[in-house]
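For reference, the structure is listed below as structure tokens.
The values are calculated or read from the model by the stated rules, or taken from the named source; none is laboratory data. Source: prediction; values computed, not measured. Cβ sites come from the backbone with ideal geometry, for glycine too, and all protein chains shown count toward neighbours.
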Amino acid sequence: MKVLALANYRGEDRVLPDLKRLVEGEKVDFIVFAGGIVKGPERVKAFEDAEKDRRPVSLEKESDEEAGTWKDYELFFKGMGELKVPVFYIPGKFDAPIDRYLREAFNYELVYPHIRNIHKSFSFYRNHYELVGFGGEISEKTREERFLLQYPRWEVEYHLKIIRDLRPMELIMVFYTPPYGGKLDLKEGRHTGSEVVEDFIKTYDPTFAFVGSGSEQGEEIIGTTHVVNPGALREGRYALLNLRRREIRFQTL
């Protein structure tokens, strides 16, 4: 069973032709995308500056920013859809506002039914694997869905309790945020991950967990779970896995 793990496309459509050749050449069975579709720096900067200054958030030239975001979504979803293999995906921290993300996901899944949003949800692959996802940045208490995506522990707990009701299959979990304290959440020498994610990995013990932010590329073991960060697709990075053998290759397009 060959799986391609990706994250952080961030509007770099130049990688899509090489990605298509990779999927066809490697005969990939399905793709997991761990968030990071749009560029989004203007929106995030506006939010973070307002938080720092303790003032209401405003975004100048929002119509221009929306036009760029729609283009990012269009090229991403068309690119994924044309790969003609199942794609299971979640949003990243910058894929806000949530209503725009969900609207675009809904529209493109009508055209390409083999791509599937699993943010706060789940899907199955051929009655062998169940995939459960939660996108955005995960913390203990913060919640935001307009300027960037941030979710508190209680919301993750509420949505992921569905795992207890799913059929017994091999579990794969997908987060944008890495677990706290390991090598995958190191960024510029400091840990940026979430204890919430680490707790969920330890609680549900998936075979694999894929994450999108933190280190550029790498893997670690938590309990019996293989945690993988495929690196940034915008830089051509990806991970190719043989699920049955638990073999991983980190490469660049």
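Using beta carbons and a limit of 6 Å, which pairs, at least six apart or on different chains, have the first residue in region 93-107 and surrounded by 18 or more Cβ atoms within 10 Å (Cβ to Cβ) and the second one polar (S, T, N, Q)?
105/117
Working only within region 138-157, note down all residues that are buried (at least 21 other Cβ atoms within 10 Å of the Cβ) and either under 13 Å from the mean Cα position of the chain (by Cα) or of a type in the set (D, E, K, R) (or both).
138, 149
Pull out all pairs, ordered by first then second residue, where Cβ-Cβ is under 6 Å, the residues are six or more apart or on different chains, the first lies in region 203-219 and is within 11 Å of residue 232 (Cβ to Cβ), and the second is of a type in the set (Phe, Trp, Tyr).
From region 203-219, the pairs are 212/176; 213/176; 217/250.
Under the condition of being in a loop (DSSP other than H, G, I, E, B), buried (at least 18 other Cβ atoms within 10 Å of the Cβ) and of a type in the set (Gly, Ala, Ser), which residue from region 201-253 is nearest to the chain's Cα centre (by Cα)? Even if it seems obvious, please write down each step before you answer.
Going residue by residue through region 201-253, those that are in a loop (DSSP other than H, G, I, E, B) are 205-207, 212-217, 223-224, 230-232, 236, 243-246, 253.
Narrowing the set further to residues that are buried (at least 18 other Cβ atoms within 10 Å of the Cβ) leaves 206, 212-215, 217, 230-232, 243.
Remaining after also requiring of a type in the set (Gly, Ala, Ser): 212-215, 231-232.
Numbers: 212: 5, 213: 8, 214: 12, 215: 14, 231: 11, 232: 11 Å.
So the residue we want is 212.
Going by the conditions given, is residue 85 β-branched (Val, Ile, Thr), in contact with a Phe, Trp or Tyr (Cβ under 9 Å, 6 or more places away or on another chain) and modelled with pLDDT under 95? Write out each step before concluding.
Numbers: β-branched (Val, Ile, Thr): yes; in contact with a Phe, Trp or Tyr (Cβ under 9 Å, 6 or more places away or on another chain): yes; modelled with pLDDT under 95: no.
Taking the combined requirement at face value, the residue does not satisfy it.
Could you list, in sequence order, the residues of region 215-239 that are within 27 Å of residue 20 (Cβ to Cβ) and touching a Leu at 6+ places or on another chain (Cβ under 6 Å)?
Residues of region 215-239 that are within 27 Å of residue 20 (Cβ to Cβ), as a first pass: 215-219, 226, 228-239.
Selection gives 215, 218, 229, 230, 233, 236, 238.
Could you tell me whether residue 106 is aromatic (Phe, Trp, Tyr) and modelled with pLDDT of 95 or more? Lay out the reasoning, then the answer.
On the way: aromatic (Phe, Trp, Tyr): yes; modelled with pLDDT of 95 or more: yes.
Yes: the conditions hold for residue 106.
Looking only at region 68-114, count how many residues are within 18 Å of residue 212 (Cβ to Cβ), among the aliphatic types (A, V, I, L, M) and in contact with an Asp or Glu (Cβ under 8 Å, 6 or more places away or on another chain).
Within region 68-114, residues that are within 18 Å of residue 212 (Cβ to Cβ), among the aliphatic types (A, V, I, L, M) and in contact with an Asp or Glu (Cβ under 8 Å, 6 or more places away or on another chain) number 2.
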